[in-house]
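Trainee: Structure below; questions to follow.
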Amino acid sequence: MGRRILTDGTQRLVIYHYAGNMHNLGMLMVYLPNEKILIEADSFNPQNNPEDAPTAIPNLVQFYGAVEQLGLDVEQIVPIHGRSTTMAEARKAIEAYQPSQLWPQ
């Protein structure tokens with residue numbers, strides 16, 4: 001995974017490329033480590049009702065694995081599409097819906 005760090009000496013913004021996403025091979029996510037915020041697009045699109053199944057579970061699984069592999073301390077996920085959410089909600093969606101998907105693990 002590639003990364004680029006932008007800083008003004010006080011704040012840091014880290015841009016990660018996480019290869020393997022089925023939606024777009026050039027997928028990026030932006031991490032604000034001081035705030036523990038991760039900004040992403042199209043990997044986790046939580047529904048307005050947290051009880052409804054999210055879309056694109058394979059992309060969510062790949063995204064979640066990339067975040068875990070990078071060891072990012074994320075409290076809040078800010079998707080470009082949809083409402084803000086948490087890593088705990090992402091994990092809950094994976095646990096609930098990944099078994100119903102038809103792709104090899």
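Trainee: Give me the Debye-computed log₁₀ of I(q)/I(0) at q = 0.15 Å⁻¹ for the range 2-100, equal point scatterers on Cα only, no solvent, two decimals.
Mentor: These q points yield log10 I(q)/I(0) values of -0.56.
Trainee: At 7 Å along the Cα-to-beta-carbon direction for both Thr86 and Thr7, put a label point, then send me their distance in nm to one decimal.
Mentor: 2.9
Trainee: Let me ask you something else. Show me the ranking of peptides 4-13, 36-45 by mean Cβ neighbours inside 10 Å, starting with the highest. Each step should come with its number before you reach the end.
Mentor: Details: 4-13: 9.9, 36-45: 20.3.
Going by the mean number of other Cβ atoms within 10 Å, highest first, we get 36-45, 4-13.
Trainee: Using alpha carbons only, how many degrees (0 to 90, rounded to 10) separate the axis of helix 57-70 from the longest principal axis of the chain?
Mentor: It is inclined by approximately 40 degrees.
FYI, it's all coordinate maths here, none of it is from the lab. Because the structure is a prediction, the values reported are computed rather than measured. A quick note on method: Cβ atoms are made from the backbone with ideal geometry, for glycine too, and the neighbour counts reach across all protein chains shown.
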